[in-house]
Structures are given as structure tokens and as C-alpha cells.
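Peer 1: One structure, pasted below without further comment.
No value in this document is a laboratory result; all are computed from the given coordinates. This one's a predicted model, so the numbers in the text were calculated from it and none came from an experiment. Don't worry about glycine lacking a Cβ; one is built from the backbone with ideal geometry, like all the others, and counts go over all protein chains shown.
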């Protein structure tokens with residue numbers, strides 16, 4: 001009996017394998033942190049890409065002779081980075097997945113700058129509306145059965161140079 005007590009006491013005093021147990025406890029948390037950081041980076045990258053695309057489209061339209069006639073070219077510029085369009089031979093693909101021309105809205109406005117003189121400026125606004133960002137790592141659509149997409153809506157407003 002004394003020998004059994006001594007064996008049990010020695011068993012509980014040993015620290016062989018504690019590092020493996022600690023690693024097994026901490027590893028899932030580290031994995032979640034890494035996956036979350038990666039997903040957040042993808043989200044920021046996608047939003048920044050869309051914001052830069054709207055900026056390019058607004059810049060293109062602000063220098064255009066006819067904004068109404070250049071809307072299709074501006075939408076192609078926002079979608080593909082090329083005014084000719086996407087997907088043809090030698091032409092680039094869509095800059096982000098699932099971006100369509102229906103997501104891109106171009107509007108023109110006129111705003112009064114000086115009320116005393118009646119001076120007005122024309123503005124062109126290029127916006128991406130209803131773009132659904134779908135996460136890769138934390139895609140909860142399969143688990144919840146619902147629509148867990150984030151909607152990104154970047155826009156750029158520039159003064160129309162030609163009066």
C-alpha cells in the first residue's frame with residue numbers, strides 16, 4: 001500500500017508532457033486569432049480596392065467632355081480598371097469577385113457655392129452600392145442558414161471640371 005501511495009505521489013509530481021497539454025489548450029485560440037486577422041485584412045483590402053476604383057471612376061468622369069456618354073466607360077473602369085471592359089482577350093478580369101455594373105451608381109449634382117453671386121459647381125459621384133463581402137474563414141452562411149454578408153458601400157465625389 002505504501003508503495004502504491006509513493007507511485008501515485010511521484011506520478012502527480014512529474015511534469016513530463018505539460019508543454020504539450022498547454023500547447024493543445026492554447027493552439028485553437030491562436031488559430032482563431034490568426035484566421036480573424038487574415039479575414040480582417042481581406043476585408044480592408046477589398047474595401048480599399050473598391051474605394052480606389054470609385055476614385056478612378058470619379059476622376060475619369062470629372063475630366064470627361066460628356067458625363068452621360070462616358071458613364072459606361074467609367075463603370076468599366078471601376079469594375080476592371082480598363083474603360084474597354086472586362087474579360088476579353090488581353091483585358092483584365094473584375095477587380096473584386098461578384099462586382100457587377102449594377103452595383104456601380106453614377107450621379108451628377110449641382111451645388112450652390114456662393115449664394116450672393118449664385119455661383120454653382122457641378123459634381124459627379126461614383127458609388128458602389130450593395131456589394132456583399134463574403135468572408136472566407138468565418139463564413140457563417142452554412143452554419144446559420146442565413147445571409148451573413150457584409151455590405152460595403154464606398155463612394156467618391158469630385159467636382160466636374162468642364163462647365
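Peer 1: By how many degrees, 0 to 90 and rounded to 10, does the Cα axis of helix 2-13 deviate from the longest principal axis of the chain?
Peer 2: Here the helix axis deviates by roughly 20 degrees.
Peer 1: Determine the calculated [θ] at 222 nm for the chain from helices alone, applying -39500 (n - 2.57) to every DSSP H run no shorter than 4 residues and normalising by the residue count; nearest 500 deg cm²/dmol.
Peer 2: Value at 222 nm, helices only, nearest 500: -14500 deg cm²/dmol.
Peer 1: How far, in degrees from 0 to 90, does helix 18-62 lean away from the longest principal axis of the Cα atoms of the chain, to the nearest 10?
Peer 2: Tilt of helix 18-62: around 0 degrees.
Peer 1: Of the labelled options (i) 112; (ii) 148; (iii) 220, which one gives volume of the Cα convex hull per residue in Å³ as computed for this structure?
Peer 2: Computed from these coordinates, volume of the Cα convex hull per residue in Å³ corresponds to label (iii).
Peer 1: Taking 0.36 nm per residue of separation and subtracting the Cα-Cα distance, what length does fully extending residue 68 through residue 18 add?
Peer 2: 11.0 nm
Peer 1: Give me the angle, in degrees from 0 to 90, between the Cα long axis of helix 71-80 and the longest principal axis of the Cα atoms of the chain, rounded to the nearest 10.
Peer 2: Tilt of helix 71-80: around 20 degrees.
Peer 1: Using a 10 Å cut-off around each Cβ, can you sort 86, 80 from fewest to most neighbouring Cβ atoms?
Peer 2: The most exposed by this proxy come first: 86, 80.
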